[in-house]
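What follows is a single structure, written as structure tokens, with notes after it.
The values are calculated or read from the model by the stated rules, or taken from the named source; none is laboratory data. It should be emphasised that the depicted structure is a prediction, and the values quoted were computed from it without experimental measurement. All Cβ positions, glycine included, derive from the backbone under ideal geometry; neighbour counts span all protein chains shown. Side chains included, ligands, DNA and RNA excluded: accessible areas come from the protein's heavy atoms. Shrake-Rupley method; radii C 1.70, N 1.55, O 1.52, S 1.80 Å.
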Amino acid sequence: VQLQASGGGLVQPGGSLRLSCAASGSIFSNNVMAWYRQAPGKLREWVAYITDRGNKDYADSVKGRFTISRDNAMVYLQMNSLKPEDTAVYYCNKYGGLASGYWGQGTQVTVSS
């Protein structure tokens, strides 16, 4: 089982980042995949999901700024017009999470001037 997010970093407000996630085939295939994030002192929250047919949905807080995509056991999150409130550790996972509770490695995104 593998979920490994990457691509985070420090970016100024208004900037962009593209996150990538490598997922095991057993998780990726035929499942709705999603991005989540957890800011310091807050609960993990859902950001976006994409079905295996390409249907997508986004949290209101990122709608119009973030774009989720998937291809070949990879899930991506293009983040534009970043705001300080987007600062968090970002994780990808099966939508709703795995029964095992496994979340894998997240990637830190910090939006600051």
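Scanning the chain for trypsin sites (Lys or Arg not before Pro) in DSSP loops with at most 11 neighbouring Cβ atoms within 10 Å leaves 64-113 as the longest stretch between them. Within the accessible area of the chain, the carbon and sulfur atoms contribute 45%, probe 1.4 Å, all protein chains present. For the range 1-46, the solvent-accessible area of protein heavy atoms averages 54 Å² per residue (probe radius 1.4 Å; ligands and nucleic acids excluded).
Within the shell defined by Cβ-Cβ distances under 14 Å, the residues around Lys42 carry a net charge of -1, with Lys and Arg each +1 and Asp and Glu each -1.
Extension gain, Ser69-Arg18: 0.36 nm per intervening residue step, less the Cα-Cα distance, totals 17.3 nm. Remark on the range 58-102: hydrodynamic radius 12.3 angstrom, per the Kirkwood mean of 1/r across alpha carbon pairs.
Alpha-carbon geometry of the range 29-88: the Rg and the Dmax are 11.9, 35 Å, given in that order.
For the chain, the Cβ-based charge dipole about the Cα centre amounts to some 40 debye (Lys, Arg positive; Asp, Glu negative; other atoms uncharged).
By the rule of a C-alpha distance below 25 Å, with chain neighbours fewer than 8 residues away ignored, the lysines paired with Lys94 are Lys42, Lys56, Lys63. Straight-line cross-link partners of Lys83 among the aspartates and glutamates, defined as a Cα under 18 Å from its Cα and at least 8 positions apart when in the same chain: Glu45, Asp60. So what's the convex hull volume per residue for the Cα atoms of the chain, in Å³? In the chain, the Cα hull volume divided by residue count equals 87 Å³. Sorting Asp57, Asp71, Asp86 on solvent-accessible area from highest to lowest, probe radius 1.4 Å, gives Asp71, Asp57, Asp86. Could you please report the charge total around Trp103, scoring K, R as +1 and D, E as -1 over all other residues with beta-carbon less than 15 angstrom from its beta-carbon? That works out to +2. Here is how the number arises for the chain: DSSP H runs of 4 or more residues each give -39500 (n - 2.57), the sum is divided by the residue count, and the result at 222 nm is -500 deg cm²/dmol. Label point of Thr110 set 7 angstrom out along Cα-Cβ; within the range 54-94, amide nitrogens under 18 Å from it belong to 82-91. Neighbours of Ala88 by Cβ distance under 15 Å: Lys/Arg scored +1, Asp/Glu scored -1, total +2.
Of Ser20, Ser100, Ser81, the order by accessible heavy-atom surface (1.4 Å probe, DNA, RNA and ligands excluded), from most exposed downward, is Ser100, Ser81, Ser20.
No solvent, one uniform scatterer per C-alpha: report log10 I(q)/I(0) for the range 1-63 via the Debye equation at q = 0.24, 0.26, 0.29 1/Å, two decimals. Normalising to I(0) and taking log10 leaves -1.29, -1.35, -1.36.
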